[in-house]
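J.: Let me give you the structure first, and then I'll get to my questions.
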Amino acid sequence: MATHYAGSEAGGAEGKAGAGASPLIYRTKLPVRIWHWINALSIFVMLMSGMMIFNAHPRLYWGVYGANLDHPWLVISHRGMHGYAQIGGFEIATTGFLGYAQGVAYAFPPLVTIPSTYSLADARQWHFAFAWVLLISATLFMAYNLISGHLRRDLALKREERSISHLWHDIKEHARLRFPTGEAARAYNPLQKIAYLGVLFVLIPVVILTGCTMSPTLNAAFPWLPELFGGRPSARSIHFLCAFGFAAFIAVHLLAVVLAGPFNELRSIITGWYRLPKERSK
Amino acid sequence: MSKDNNSGLIMPAERPSSLITRRNALMGGAGLLLAGCDQINASPSVKSLLSLGEKATHGAQRLVTDRNALAQEFSRSEMSPVFRQNGNQNPGTSEYNALAANNFADWTLKVDGMVPNPLQFSLAQLMTAPRRTQITRHDCVEGWSAIGEWSGVPLGLLLRRAGMSSNAKYVVFHCADSTGGLPYYESIDMIDAFHPQTILATHMNGAPLTVGHGAPLRLRVERQLGYKQAKYVMRVEAVASLAGIHGGKGGYWEDHRDYQWFAGI
């Protein structure tokens, strides 16, 4: 287990196998950590209550109108005890996951919705309360990003990172599950930056704007909203696709945390302190 | 002795627990989690905390929007091919059936409450009153939208004719339909009541309202969701407070199903 080149390692505690050599650095500042957790909570509540809201009418349309007798591009429903999802002309059997699961015939099963039993009214209360949390925290964080330089310094792609060959190299490294080590791990890597920028500058703004576009009062006051997205049913579709984007981001994000070392990653997003992974011997 | 009997009864039931499968354990764990979440959802203090969001939304929407802004109006070519019916589709009471059988010739609309001159209108009077026609989008709280043409008398016109007490804060719509013995009603504030697109519609898509769509008269309040668009309107009442009316929250869905009174989103 513990190989003994102890003694030669400066300051290495006995039996620590040289782990002491890689320094602990202060990587994640307090505002970033606070926003991360507030945002994580609000995104989870909004995804789960959003799925309950979707259950009330599990069909999506493009255009300026869309109801049961019109043509949806996505349906999640059931025939008897068989759940299915219809996307365009394709149908996929989804019994046990979508359409029919846990003994109930709803698009999304009780395990993933807030509340777990059907209540559109309660789901809306959760959704719109946390919409404020999301909106306010995202606005403050955006202001912090601009003022503190976090955006320019840590998130924006450096000049050399913007080339196709550099990104391709980074994609290959990710595919081999080889994450940056040593000094290179001080900064976010390019794919990581793109994922975070996608959440901050695409998913969050678009999900908020399409959410507002579903409001008849805001539509009347700001007619450019439905115009921008091609109608309220289109905005609802895009809102759902953004939710899918958040779910995909969360899946990849959590996978990356597990692969990169969950203890170290969690420590850095809770306390800010991060141990640089030891330089890989080439 | 009874204790012994009990334990004897319990024992066999406990035995299968040794057969717990991973799947069952997982589902059991999930069940506990769900029960915990539902307890949070049912807690009155959580409910009142969440309702802060509702108040913020109502306040913010009134703050940032032009109170006279018109809902988008569409062209005929953009209308839904079929406008689906929703909610109650026939009040089905003997009184309503008798009115419908006579083509609503004996039907009257009452305008009363906090108004100096309470009024009654026959359907024929409403048909000849100044009217507004608008092609608008109906947005159901469930998520679907349908575009149709509505034609009727501006509500503000009737309210002004009846004269409105300055103490009146809300307009309540009493309807002929009910669900499970609970009467349908709705209410709006004066901002929406006097909005130019707020009409009591007698016609839909160029024809008199069908029973399914709320004959002979339904409310259109175009900047709010579908459940505010009360069908089968029999009486319009001006009030200072919603507290004394039915459940006190201003509508059937608000009283019995916890839907928001301000349905702006």
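Derivation of every value follows stated rules applied to the coordinates shown; laboratory data play no part. Just so it is clear, the structure is predicted and the values come from calculations on it, not from any experiment. Glycine gets a Cβ as well: all are built from the backbone with ideal geometry, and neighbour counts include every protein chain shown.
J.: Please report the net charge: other residues with Cβ closer than 14 Å to the Cβ of residue B:151, K and R +1, D and E -1. Provide the component values of the computation, followed by the final result.
T.: Working: positive: B:76, B:131, B:132, B:218, B:220; negative: B:73, B:149, B:222.
Taking every Cβ under 14 Å from that of residue B:151, the sum is +2.
J.: Here's a follow-up. First select every other residue whose beta carbon is under 14 angstrom from the beta carbon of residue B:42; then total the charges, Lys and Arg +1, Asp and Glu -1. Working shown, then result.
T.: Working: positive: B:47; negative: A:122, B:38, B:258.
Net of charged neighbours comes to -2.
J.: Roughly what percent of Cα-Cα pairs across the range A:132-252 reach past 25 Å? It would help to have the intermediate numbers written out before the result.
T.: Details: 2846 of 7260 pairs.
Here the tail beyond 25 Å accounts for 39 percent of pairs.
J.: Could you sort the peptides A:262-271, A:159-168, B:141-150, A:56-65 by per-residue average Cβ neighbour count (10 Å cutoff), highest mean leading? Spell out each step's value before the answer.
T.: Values: A:262-271: 14.5, A:159-168: 10.9, B:141-150: 22.8, A:56-65: 20.5.
The densest-packed peptide leads the list: B:141-150, A:56-65, A:262-271, A:159-168.
J.: Could you tell me the ratio Rg/Rh of the range A:70-209? Both radii from Cα atoms, Rh via Kirkwood. Display every interim value, and only then the final one.
T.: Details: Rg = 21.2 Å, Rh = 19.1 Å.
In the range A:70-209, Rg relative to Rh is 1.11.
J.: Can you work out the FRET efficiency for the pair residue A:164 and residue B:179, with r the C-beta to C-beta distance and R0 = 56 Å, to the nearest 0.05? Before the final figure, lay out the partial values.
T.: Values: r = 62 Å, r/R0 = 1.10.
For residue A:164 and residue B:179, the calculated efficiency is 0.35.
J.: Could you give P(r) for the range A:154-199, binned at 5 Å from zero, as whole percent values over all Cα-Cα pairs?
T.: 5, 22, 31, 31, 11, 0
J.: All other residues with a Cβ under 12 Å from the Cβ of residue A:29 taken together, and with Lys, Arg as +1 and Asp, Glu as -1, what is their net charge?
T.: Working: positive: A:27, A:33, A:153; negative: A:154.
Net charge around residue A:29: +2.
J.: Each residue of the range A:34-51 in order: what ³J(HN,Hα) in whole Hz does its phi give by Karplus 6.51 cos²θ - 1.76 cosθ + 1.60, θ = phi - 60°, with x for Gly and Pro?
T.: 4, 5, 3, 7, 5, 5, 4, 4, 5, 5, 5, 4, 6, 4, 6, 6, x, 5
J.: State, to one decimal in nm, how far the label point of residue B:76 lies from the label point of residue A:201, with both points 7 Å from Cα in the Cβ direction.
T.: For residue B:76 paired with residue A:201, the spin-label model returns 4.8 nm.
J.: Something else now. From the phi of every residue in the range B:257-265, what ³J(HN,Hα) in whole Hz does the Karplus formula 6.51 cos²θ - 1.76 cosθ + 1.60 yield, where θ is phi - 60° and glycine or proline is x?
T.: For the range B:257-265, the Karplus curve yields 10, 6, 6, 5, 5, 8, 9, x, 9 Hz.
J.: Suppose the chain between residue B:241 and residue B:124 were pulled fully straight at 0.36 nm per residue; how much longer would it get relative to their current alpha carbon spacing? Can you show the working numbers first?
T.: On the way: separation 117, 0.36 × 117 = 42.12 nm, distance 3.18 nm.
Roughly 38.9 nm would be gained on extension.
J.: Would you mind checking the pairs A:29/B:47; B:169/B:231; B:47/B:169 and listing those with alpha carbons more than 28 angstrom apart? Numbers along the way, then the final one.
T.: Working: A:29/B:47 34 Å; B:169/B:231 22 Å; B:47/B:169 26 Å.
Beyond 28 Å: A:29/B:47.
J.: I need the fraction of alpha carbon pairs in the range A:128-173 separated by more than 16 Å, rounded to a whole percent. Before the final figure, lay out the partial values.
T.: Working: 603 of 1035 pairs.
Of all Cα-Cα pairs in the range A:128-173, 58 percent lie more than 16 Å apart.
J.: So what does the Cα-only Debye profile of chain A read at q = 0.07, 0.11 Å⁻¹, as log10 I(q)/I(0), no solvent term?
T.: Log-scaled intensity ratios, in q order: -0.36, -0.80.
J.: Also: Rounded to whole Hz and in sequence order, give me ³J(HN,Hα) for the range B:209-216 from the Karplus expression 6.51 cos²θ - 1.76 cosθ + 1.60, θ = phi - 60°, writing x for Gly and Pro.
T.: Result, ordered by residue: 3, 7, 4, x, 9, x, 3, x Hz.
J.: Same structure again: Rounded to the nearest angstrom and ordered from largest down, what semi-axes does the equivalent ellipsoid of the range A:59-105 get from its C-alpha gyration tensor (root of 5λ)? Don't skip to the answer; put the middle values down first.
T.: Values: eigenvalues 98, 23, 11 Å².
After scaling each eigenvalue by five and taking roots: 22, 11, 7 Å.
J.: Enumerate the whole-percent occupancy of each 10 Å bin, from 0 to the last occupied one, for all C-alpha pair distances of the protein assembly as shown.
T.: Using 10 Å bins, I get a P(r) of 3, 14, 22, 21, 16, 11, 7, 4, 1, 0, 0 for the protein assembly as shown.
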